[in-house]
Amino acid sequence: MVKAHDPASGGDELVEFQCRRFALPQAGSKSGWKKGRDLRSIPRMGSSDIQSHPEESSGFFVMTRERYMKRTMNLAKKGRGKTSPNPMVGAVVVKNGEVVGTGYHQRFGELHAEANALRVCQDKARGASLYVNLEPCCHHGKTPPCTDMIIKSGIREVICATLDPNSQVNGRGIKALRDGGVEVHLGVLEEEAKKLNEVYMKFITTGLPFVMLKVAQTLDGKIATKLGDSKWITEEDSRRFVHSLRSSVDAVLVGANTVKRDDPELTIHNAGGEDPMRIILDSSGSIPHSSKIIRENKNGKTIIATTNRRTKEKFQEEVGVWNLKKGKDDRVDLAQLLKKAGENQITSLLVEGGSRVFTSFLKEKLVDKIYYFLSPKILGDGLGSFGDLGVRKIHESITFRDYEIKRFKNDLLVIGYPNWSSDTCVA
């Protein structure tokens, strides 16, 4: 056990931690993106990298590298809900054990994290180390290539958590830096970095949004009473969390029955940030003009997804209308809906109800992640969270991996990934 001042924390607090080395995949190990080039030849940081830097091989140094990388990810999170369809990226510049510059990608279209960090440290960048949670870009987009700026700044080495699966980057950023004389280490906190940008990772490789399902139910599995009352299943602190979750996604989706029964606003309330786009699954175009979601179509962000060609005529310019084909149940084809959403640069979709919508998304295995609130209430007769999912044997049930449990004042929240979802990377 070691006690030391932690320069990555940005303060003088004395921290205590266990000295250890980390082990990441060796060069040539099987690791790469499902789409794009074969990246197995790009080495990750492993024992060979540590041994090549004997002055940096102590457990203390490795832990410091991890802590600096954690700081980049904490910076990256500040851009949550503002950078889509770009990823969340943070950058930290370190020289002689001192943080001399930090930055993060603040908003889509604005400077990238590396540019913001290098602008802060200016000439101190020469000979310094740059930590970044995603491979620097090497192509012209809304901003110039970050790799050019890094090389020109005199940065000695770049410590990068993970590759960018974007086909325009996808290992080319690493190559450009190395060709420019910059030492690159890849793989520090790689899994954490991928999870941080799980939305981007799916969207950039498939063109489809990352789908999250949010359920709030009683202990006996009900989302409303038999009369349709659902306000409120969960307590206020849980609802504040949901408002914050909405502020981080591109769009929220509910079914027509939820609109008719609850007349929701689907806004972030006072969570800070911007309201997401609101998508209503309404195959017949039956929701009333008086619905809040129609009357308060803020910034033109309400879309009705329908199979009824007369829906556009009914609502004219009040809301946007997507005319989609019918699925097997004569309702909106959800696969086409997600394709349409992706074409409209919707990278993340939060499905909030109701029971029929939950069932359809799960039955078609279109959910990537679930937020499952459990409230300590029992209703008895009422509306169940799900309909028939086609499960006839216990072993056919939907199970979850990598789940965590959060405790609110009275409610529990289970967050997990359904068993059919997989990491963006090939293990």
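At a glance:
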| quantity | calculated |
| --- | --- |
| Qualifying residue in region 404-413 (condition: surrounded by 15 or more Cβ atoms within 10 Å (Cβ to Cβ), outside any loop (DSSP other than H, G, I, E, B) and not aromatic (Phe, Trp, Tyr)) | yes |
| First in region 82-94 and more than 19 Å from Leu163 (Cβ to Cβ), second anywhere and among the acidic types (Asp, Glu), Cβ under 6 Å, 6 or more apart | Ser84/Asp250 |
| Selection status of Lys77, touching a strand residue (DSSP E or B) at 6+ places or on another chain (Cβ under 9 Å), modelled with pLDDT under 95 and open to solvent by 20 Å² or more (accessible area, probe 1.4 Å) | no |
| Near pairs, Cβ below 6 angstrom, 6+ apart or cross-chain, from region 234-262 (under 25 Å from Asn197 (Cβ atoms) and at pLDDT 95 or above) to any residue that is assigned to a helix (DSSP H, G or I) and open to solvent by less than 30 Å² (accessible area, probe 1.4 Å) | Val252/Arg246 |
| Single condition Asn170 does not satisfy, out of (1) under 15 Å from the mean Cα position of the chain (by Cα); (2) at positive phi | (1) |
| Candidate set from region 231-262 (those that are in a helix (DSSP H, G or I) and basic (Lys, Arg)); member that is nearest to Ser84 (Cα to Cα) | Arg246 |
| Val158 in contact (Cβ under 8 Å) with a residue 60 or more places away in the chain, among the β-branched types (Val, Ile, Thr) and farther than 30 Å from Arg246 by Cβ | no |
| Unique match (being touching a residue at least 24 places away in the same chain (Cβ under 8 Å), more than 26 Å from Val89 (Cα to Cα) and among the hydrophobic types (A, V, I, L, M, F, W, C)) among Ala224, Ala176, Ala271 | Ala224 |
| Among residues of region 280-307, those that are surrounded by fewer than 17 Cβ atoms within 10 Å (Cβ to Cβ) and either over 28 Å from the mean Cα position of the chain (by Cα) or at positive phi (or both), counted | 9 |
| Filter pass, Thr225 being modelled with pLDDT of 95 or more and open to solvent by 30 Å² or more (accessible area, probe 1.4 Å) | no |
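Listed here are the residues, each with its yes/no results for (1) touching a residue at least 24 places away in the same chain (Cβ under 8 Å); (2) over 27 Å from Ile279 (Cα atoms); (3) over 18 Å from the mean Cα position of the chain (by Cα).
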site	(1), (2), (3)
Leu337	yes, no, yes
Ile378	yes, yes, yes
Ile394	no, yes, yes
Thr399	no, yes, yes
Tyr403	no, yes, no
Lys409	yes, yes, yes
Gly416	yes, no, no
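The values are calculated or read from the model by the stated rules, or taken from the named source; none is laboratory data. No experiment lies behind these values; they were computed from the predicted model shown. Every residue, glycine as well, gets a Cβ built from its backbone with ideal geometry; the counts of neighbours run over all protein chains shown. Ligands, DNA and RNA are stripped out before the accessible areas are found, and what is left, the full protein with its side chains, is counted by its heavy atoms. Shrake-Rupley method; radii C 1.70, N 1.55, O 1.52, S 1.80 Å.
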